[in-house]
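The values are calculated or read from the model by the stated rules, or taken from the named source; none is laboratory data. What you are looking at is a predicted structure, and each value in this text was computed from that prediction instead of being measured. Every residue, glycine as well, gets a Cβ built from its backbone with ideal geometry; the counts of neighbours run over all protein chains shown. Heavy atoms of the whole protein, side chains included, go into the accessibility calculation; ligands, DNA and RNA do not. Shrake-Rupley method; radii C 1.70, N 1.55, O 1.52, S 1.80 Å.
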Amino acid sequence: NSFSPNGDGANDYFYIGNISQYPNNTLEIYNRYGQKIYSVTGYNNDWTGSYLGTDLPSGTYFYILDTHDKPGKFKGEVNIIR
């Protein structure tokens, strides 16, 4: 659960496998202080590790993914490497 959004074309986005099978999903990402820094319905593997147009620093962030389907909710961490 790590990615390196540095524009080199490899691992530039937070990737969630098979997310396209759950088009009504919701994804929320939080920083270590509990501040929500990203929220979207219909996530499509396109988050580049930014908040309000600014690149976030390297570090660990936390996500909640709700598929709104049989698998349900998933929680975990994602690491940004810059």
So, over other residues within a Cβ distance under 13 Å of ASP12, counting Lys, Arg +1 and Asp, Glu -1, the net charge is -2
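Between ASN6 and GLU28, take the C-beta separation as r, use R0 = 22 Å, and let me know the FRET efficiency to the nearest 0.05.
After rounding, the FRET efficiency stands at 0.35.
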Of every hundred units of 1.4 Å-probe accessible area on the chain, the number belonging to carbon and sulfur atoms, as a percent, is 46
Contour minus Cα-Cα span, ASN18 to GLN35, at 0.36 nm per residue, comes to 3.4 nm
Around THR48 (Cβ within 9 Å, Cβ-to-Cβ, excluding THR48; K/R +1, D/E -1) the net charge comes to -3
re the chain: pairs of Cα atoms spaced beyond 16 Å account for a percent value of 49
Percent relative contact order for the chain, counting Cα pairs under 8 Å at least six residues apart, stands at 34
